[in-house]
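One structure is given here, and the rest of the page talks about it.
The values are calculated or read from the model by the stated rules, or taken from the named source; none is laboratory data. Computed from a predicted structure; not experimentally measured. As a convention, Cβ positions derive from the backbone with ideal geometry for all residues, glycine included, and neighbour counts pool all protein chains shown. Just the protein is used for accessible areas: all its heavy atoms, side chains included, with ligands, DNA and RNA removed. Shrake-Rupley method; radii C 1.70, N 1.55, O 1.52, S 1.80 Å.
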Amino acid sequence: MERLQKLIAAAGLASRREAERWIEQGRVTLNGRVARLGERADPAKDRVEVDGKRLSAAEEPVYLMLHKPTGYVTTANDPEGRPTVLSLVRGTRARIFPVGRLDLNSEGLLLLTNDGDLANRLMHPRHQVAKTYQVKVRGHLTPEDQVSLEEGVPLEDGHSAPAKIANVRETRGHTWFELTIYEGRNRIVRRMCEALGYQVARLLRVRIDFLQLGDLRPGQCRPLSDAEVKRLKEI
């Protein structure tokens, strides 16, 4: 017997966290009735359905690294009809989903998988997975604001967590820097900069923990090696 959210994640439909939201929204049924969060099921005996479709057996795990370009949304489906990151992936029939998010105008390293357990691990605040971005802002970043970014910026949903800033350099009218954060709140890097009065002109995620974007071009993806997957599961 396994918790419903774990079965949904193992089937490659979503992360455990997303599956929990689906259960709370009434999208999951167990043996013909609306399921409740915390319930368990035996896939060999019980009928679990998501949006009216019976849960299938667990798929072979798939782990991909994608260089997300700008102009793509980080979802499986978009009600506004915008292109999604899944449209960039070829050669797999597995029902993969993105791990975390990059907003429409952000680019860079994005992980895709059907392994809900790993996705949940990487996104859980407890693990504080480091994510590094190359940031370009309009104007010149003052030393005081550099300190604010590292120590935490007041936001409407609470102070940002301590971060690390490196490789600050100025160009005509702009400042480039690398920012490493350890939280995953929505649009957190943009909001940190905007709270200090800086407009983000470019945002590129170049690293997740030990994984680096490297020379992967926009729109390209590659499978993770067995060694990379093993290291991710040890985070």
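Can you tell me what percent of all Cα-Cα pairs in region 1-122 are more than 18 Å apart? Intermediate results must be reported in sequence, preceding the final value.
Working: 3863 of 7381 pairs.
Here the tail beyond 18 Å accounts for 52 percent of pairs.
Potential lengthening of the chain between W176 and R33 amounts to 46.1 nm, from the contour at 0.36 nm per residue minus the alpha-carbon distance. Over 31 Å apart: what share of the alpha carbon pairs of the chain falls there, rounded to a whole percent? Of the Cα pairs, 29 percent sit more than 31 Å apart. Surface exposure of the chain, expressed per residue as accessible area with a 1.4 Å probe, stands at 53 Å². Between E156 and D209, the C-beta separation translates, for a Förster distance of 22 Å, into a calculated FRET efficiency of about 0.20. Seen from E151, the other residues with C-beta closer than 12 Å to its C-beta sum to a net charge of -2, counting Lys and Arg as +1 and Asp and Glu as -1. Given a Förster distance of 30 angstrom, what is the FRET efficiency for I235 paired with R82, based on the Cβ-Cβ distance and rounded to 0.05? Here the calculated transfer efficiency is 0.45. Compare the Cα positions of L149, L122, V137 along the charge dipole of region 114-235 (+1 at Cβ of Lys, Arg; -1 at Cβ of Asp, Glu; about the Cα centre) and return the one farthest towards the positive end. Ranked along the dipole, the leading option is V137. Here region 187-235 is assigned +1 on the Cβ of each Lys and Arg and -1 on the Cβ of each Asp and Glu. Its dipole about the Cα centre then comes out at about 180 debye.
Order the peptides 155-162, 18-25, 138-145 from the highest to the lowest mean number of other Cβ atoms within 10 Å of their residues.
Descending mean neighbour count gives 18-25, 138-145, 155-162.
Sorting D78, D226 by solvent-accessible area of protein heavy atoms yields D226, D78, largest first, with a 1.4 Å probe.
Is it possible to state the helix-based mean residue ellipticity at 222 nm for the chain, with each DSSP H run of 4+ residues giving -39500 (n - 2.57), the sum divided by total residues, to the nearest 500 deg cm²/dmol? What is it? Let's see the in-between values first.
On the way: 6 runs with 49 residues, N = 235.
Helix contribution divided over all residues of the chain: -5500 deg cm²/dmol.
The reciprocal of the average 1/r between distinct C-alpha atoms defines the Kirkwood hydrodynamic radius, which for region 82-147 equals 14.8 Å.
A convex hull fitted to the Cα coordinates of region 29-93 yields 149 cubic angstrom per residue.
For R90 and E2, calculate 0.36 nm times their separation in residues minus their Cα-Cα distance, and state this gained length in nm to one decimal. Present the calculation step by step, with values, prior to reporting the outcome.
On the way: separation 88, 0.36 × 88 = 31.68 nm, distance 3.17 nm.
Residue separation times 0.36 nm, minus the Cα-Cα distance, leaves 28.5 nm.
If the label point is 7 Å along Cα→Cβ of E194, which residues in region 74-112 have backbone nitrogen under 13 Å from it? So the set is 103-106.
When M1, M65, M123 are compared by accessible area at a 1.4 angstrom probe, the order from most to least is M1, M123, M65.
Assuming charge only on the beta carbon of Lys and Arg (+1) and of Asp and Glu (-1), the dipole of region 36-164 about its Cα centre is about 500 debye to the nearest 20.
Protein chains only, probe 1.4 Å: how do Y63, Y182 rank by accessible area, largest first? It would help to have the intermediate numbers written out before the result.
Details: Y63 35, Y182 65 Å².
From most accessible down to least: Y182, Y63.
For region 98-235, the Stokes-Einstein estimate of translational diffusion at 25 °C and a viscosity of 0.890 mPa s comes to 155 µm²/s, using the Kirkwood hydrodynamic radius over alpha-carbon pairs. Would you mind pulling out the separation of the Cα centroids of region 70-122 and region 19-50, in Å? Result: 24 Å between the Cα centres.
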